[in-house]
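S.K.: Pasting in a structure now, in structure tokens, and then I'll have a few things to ask.
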Amino acid sequence: MFLAGQQGIATLVPAEPAVEAPTGRLMLRAFGVALVIVVAGYTLAETGDAVAAESGLGSSLVSFLLVGFATSLPEISSMVGAIRLRRY
């Protein structure tokens, strides 16, 4: 059991029972997610090369912009979530 507070009032809430997933299913999901990450990385690299070739910009500049955008996505999603919850 744990305490959950709502507007300053703490109430006792029963804890949910733990659900155990089979190891094989977890390994399959992990492999699937890893495969998606590899394919997305390859696609991002190829897209960056194509944009650099078509635009005439250097591939280093395009790579810099794409990597900068991709690494900023977690922070952007955190900000959007905080704004939606009105937690400025």
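S.K.: List pairs: first in the stretch 59-88 and closer than 29 Å to Glu46 by Cβ, second surrounded by 12 or more Cβ atoms within 10 Å (Cβ to Cβ), Cβ under 6 Å, 6+ apart or cross-chain?
M.R.: Cβ pairs passing all conditions: Ser59/Ala52; Val62/Gly48; Val62/Val51; Val62/Ala52; Ser63/Gly48; Leu66/Gly48.
S.K.: Quick test for you: out of Leu57, Leu65, Leu44, pick the one residue that is part of a helix (DSSP H, G or I), touching a helix residue (DSSP H, G or I) at 6+ places or on another chain (Cβ under 8 Å) and surrounded by 10 or more Cβ atoms within 10 Å (Cβ to Cβ).
M.R.: Of Leu57, Leu65, Leu44, the one residue that is part of a helix (DSSP H, G or I), touching a helix residue (DSSP H, G or I) at 6+ places or on another chain (Cβ under 8 Å) and surrounded by 10 or more Cβ atoms within 10 Å (Cβ to Cβ) is Leu44.
S.K.: Being closer than 30 Å to Val62 by Cα and hydroxyl-bearing (Ser, Thr, Tyr) is the filter here, so list the residues in the stretch 22-50 that pass it.
M.R.: Tyr42, Thr43, Thr47
Since every read-out is calculated from the coordinates, none of them should be taken as a lab result. Every value quoted in this text rests on a predicted model; they were computed, and no experiment measured them. We place every Cβ from the backbone using ideal geometry, glycine too, and count neighbours over all the protein chains shown.
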